[in-house]
Amino acid sequence: MDHRKEELEKKRAKLAELRRQREERKRQAMQTQDAAPRLDAIDINDLVNSLVGDRARSDSNSTNAMNSPDLSAPLSREASAGGRERAGTAADLAARAASPLQMPGADTQPPPPPPQRAPHAFSTSELVVFDFAPRERVMYNKEVQTADAAAGADSDAAALLTEAEVARRVGELRERDARAARARSEDRQRRDAEAAERDAQREAEARRLTDAQRGSILGSAAFAGFIDRAARVVERALDVDYDVTVDYARAAADAAADARPQLALVATLADERMRGRAVMDIAWSPRFPELVAVAYSRNAAAPNEPDGLVAVWNARARSRPEFVFHAPSEVLQVAFAAAAAADAAAAASAPAADPHLLVGATYSGQLLLWDMRAKALPVLRTPLTAAGHTHPVFALSVVASAAAPHVVSVSSDGLACTWQLDMLAQPHDTLELANAAHARTDEVSVTCIDFAADEAAAFVVGTAEGAAYAVNRYDRAGCKAGLNAHDAYRGHSAPINALRFHPTTAAGDFADLFLTASSDWSVRLWRARPPAKPASPAPADMRALHVFDAFDDYVYDARWSPVHPAVFASADASGRLALWNLNADVELPAHAAHAPRALHKLAWDRPGRRIAAGGADGLLYLYDVGDLAAPRADDHARFARVVGELGA
Amino acid sequence: MAQDDSKADAASQQIDIDETIARLSSKRGVESVTVLTKDGRVIRTTAEQKEGSDGEGLQGRLLSKLIRDAAEIAEQLDSQDELSFLRIRTVKRELMVALDHDYLLVVVQTPQMD
């Protein structure tokens, strides 16, 4: 670009020079013509002078004085001098005389001084020339290309072109210029189009990944992470089979689907990693109602896999777990750390436990804490020393207290530990549970514990011997801390597998009722003695309010519905999931569903509409309870009456 | 699973990815599963390519354009927000696009009535 500009400048200068020369010549030519008539006059004068002599000369001098003082000299010369020479002289004279007048229209450059003798007096006037130069130069812009055409060969001829010809030439050139510009722009357009086409082609080429690119993408951790997340999202979306665009006016009227049995199996959650393992515990997330954590037993056939496995399933995306956590030892109990905040009031007052945390109790005695935001391995674990548990922990409970949510765990040797979730290095508190009344050893083998609703200072443990005992955590009101051997809930003749207090809902107070499920093929309903009341001096065995014995195998679990006061579900080794409604019948379950193999655990989701149950085959069955456990207004009163009758 | 394959080598990771895609595509009603880069280049697809490169190229290019526009809409709604999932429902099919900064996962589904 710069180069071109420079060239243009050069050409312009050259043209200006040419133009100037041409003008000069033209002017001279014109002056020659102009001077001709005067020449005649001068000749006549000469003639007259020569004829008239001095007298006439003085006249002539007076007439010519304005022209030049020098004029007298040539005029005084012989009149016979050559016409050509005289003409030149006259032209010079005329030029010189005219120059001061013509200067405003003259060229940029001062014209080269005429070769003949010039009087010094006129040189000063020529300086005026410079003032008017720039305007002329601008006008020559049009003729830039002229230089190209006419510069070299016939400069002289070109110099003598007439104005019309010049105008024609200029027009021509201008046209050519325009043509060139047009051609240039066309060219540019074509080039642009070509480039675009090339780009598109290249893009199309680039759109196809090379094998190397594909390989590097497939091998990148970021891509694997993306696939993992995206697949999960899409799976959830796929599993929600509700069609938002359904048009009921047009849809076929196949409403027969409503006639499904009431306790219906809606999903079976399984994964290859759980093959060969049994379900050990189930816990719904209090925060995310569709998440359920499941602890699995060791897979004896796969010694290379971690012994302990906890999977967090999503009840909506059923094809695989959301999270899988590992443990070095079999996980016997699992709970969400936020489970403490079960009811709204407690959630509001207590510091919110992190909903991402899961706590598990293992066969080795360790308590483990997993974080859903972290990797598969536990983020915190308790030590395997005498400070903590050294026996399997079958009993674990998360306690909501106003001060801080904490975990109470009891190992099978009877050691109860209290843990702060953020500090698992050592127990906050330990309590040795012992029963002095035992014949050989005072140990109690605890299999399960539970806290009554709104009661954090005392709990009840179920034992392998078949009895349940109340435990005070602290010395208070005449009760010593520790196991209260006087208040024994005896009746089961086999280990108690589960012990569950009634989840008291706002209306009605059934907080002192609890269920025990035992391997003696029965479930019992108990009323707990108020823990604050001093124990009776003589050992007084409490009797069960009622014995549910419509079982034909070990009963592994029994749980109250979270919403219906009179409904509980039981799971037994025959694989039967039974739903009991005490308001309707205390002898037989209201509904039942059957799994192919033994069911170990069951858990209601928080709205009380689904039950997750799992067992020996490692599958997690989701049962839809539907409205079976939806409480009616009078259910509390009726249940109170039923309990009263049972207790009588 | 993402938690335990951080150390897995690329080969086993690829197997994992292929398994994931296979699992997705075996779900009920799923027609095709395609993984693309954000600019619409196909990394993996289970869709049979009908007219050679044209079919996938078209889908990829249009999809990446669509995603760009959708992301812009999301940003206009809330400058702190970003697009994370896109569902397109036609009369017959449903298109689901899960995405992050670099990749798109596209699942074409024919919704099944129970």
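Bear in mind that the values in this text are calculations on the coordinates, not laboratory data. Every value quoted in this text rests on a predicted model; they were computed, and no experiment measured them. All Cβ positions, even for glycine, are placed from backbone atoms using ideal geometry, and neighbour counts span all protein chains on display.
Using the average count of surrounding beta-carbon atoms within 10 Å as a protection proxy, the listed peptides B:80-90, A:230-240, A:616-626 rank, highest first, as A:616-626, A:230-240, B:80-90. The protection proxy used here, the mean number of other Cβ atoms lying within 10 Å of each residue, ranks peptides A:492-500, A:430-438, A:163-171 as follows, highest first: A:492-500, A:430-438, A:163-171.
Residue ranges A:442-455, B:17-30 sort as A:442-455, B:17-30 when ordered by packing (mean number of other C-beta atoms within 10 Å per residue, highest first). Per residue of peptide A:213-226, the mean number of Cβ atoms on other chains within 10 Å of the residue Cβ is 6.
Given R0 = 25 Å, the distance between the Cβ atoms of B:Lys65 and A:Ala183 translates into a calculated FRET efficiency of 0.10.
Remark: mean inter-chain Cβ contacts per residue of A:190-200 equal 0, using a 10 Å Cβ-Cβ cutoff to other protein chain atoms. Per residue of B:16-25, other chain Cβ atoms within 10 Å of the residue Cβ number 4 on average.
Please label the shape of the stretch A:508-648 as rounded, prolate or oblate, based on the square roots a ≥ b ≥ c of the eigenvalues of the alpha-carbon gyration tensor (a/c under 1.5 means rounded; beyond that, a/b larger than b/c means prolate, else oblate).
Note, shape of the stretch A:508-648 comes out oblate.
Sort the stretch A:269-390 into rounded, prolate or oblate with this rule: let a ≥ b ≥ c be the square roots of the eigenvalues of the Cα gyration tensor; rounded if a/c is under 1.5, and if a/c is not under 1.5, prolate when a/b is larger than b/c, oblate otherwise. Oblate, because a/c is 1.5 or more while a/b does not exceed b/c.
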